[in-house]
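The values are calculated or read from the model by the stated rules, or taken from the named source; none is laboratory data. All values derive from a computational prediction rather than experimental measurement. Cβ sites come from the backbone with ideal geometry, for glycine too, and all protein chains shown count toward neighbours. Quick note on the areas: whole protein, heavy atoms, side chains included, nothing else; ligands and nucleic acids left out. Shrake-Rupley method; radii C 1.70, N 1.55, O 1.52, S 1.80 Å.
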Amino acid sequence: MDNCLFCKIAAQQIPATVVYEDDELLAFKDINPAAPVHLLIIPKRHISTLSDVQPEDTVVLGKMLALAPQLAAEHGVSVQHDADGTPRRGYKTLINSGPDGGQVVYHLHMHVYGGPRPWKGMH
Ligand code: 5GP
Ligand code: ZN
C-alpha cells in the first residue's frame, strides 16, 4: 500500500527497531512506548483493520497471537508461576480498530505491553 507507514517499515523504507521477522510477520518497538516493554506485531501484507480481515487471513492472525508470548518471554515479561501456582508478572495484548477503537495507524497491528502494571489507567 502506498503511503502506509507500517508497509514502509515492513519494506525497510522507514527505520524501526525490529525485534522479530519472518516471511509473514514483523515485530518492532513502538516509537512512543506506553510501558517498559511496548512492541507492535504486524502482518507484512497490508490489512487496514481487524474489520478487513478475510477468512484466508486467519492463519496469519493466529501467528500474530502466538508470537506475543514468545516476544514477551524474550523481553522478560512472561507470566511466571510461584511454587503454589500463583501467577505473577505478565503483559497485555491489544488491537485497536477504527477511530472509536483508538486506531491511529491503518495497518493492522497488535500491541504487546509489558512491565509492572503498564495498563494502570488504561481500559
Ligand atoms: P494505534 O493507536 O493505531 O493502535 O497505535 C499506533 C502505534 O504506532 C502508536 O503506539 C504509535 O506510538 C506507534 N507509531 C506511530 N508511528 C510510528 C513509527 O514511525 N515507528 C514506530 N516504531 N511506531 C510508531
Ligand atoms: Zn500497510
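Structure notes:
Per-residue answers, yes or no, for (1) out of contact with any His (no Cβ under 6 Å at 6 or more places or on another chain); (2) more than 22 Å from G62 (Cβ to Cβ); (3) within 16 Å of ligand 2 (Cβ to nearest atom):
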{"site": "Q80", "(1), (2), (3)": "yes, yes, no"}
{"site": "D84", "(1), (2), (3)": "yes, yes, no"}
{"site": "R88", "(1), (2), (3)": "yes, yes, no"}
{"site": "L94", "(1), (2), (3)": "no, no, no"}
{"site": "P99", "(1), (2), (3)": "yes, yes, no"}
{"site": "Q103", "(1), (2), (3)": "yes, no, yes"}
{"site": "M110", "(1), (2), (3)": "yes, no, yes"}
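- Region 1-26, subset open to solvent by 90 Å² or more (accessible area, probe 1.4 Å) and under 12 Å from H46 (Cβ atoms), residue modelled with the lowest pLDDT: M1
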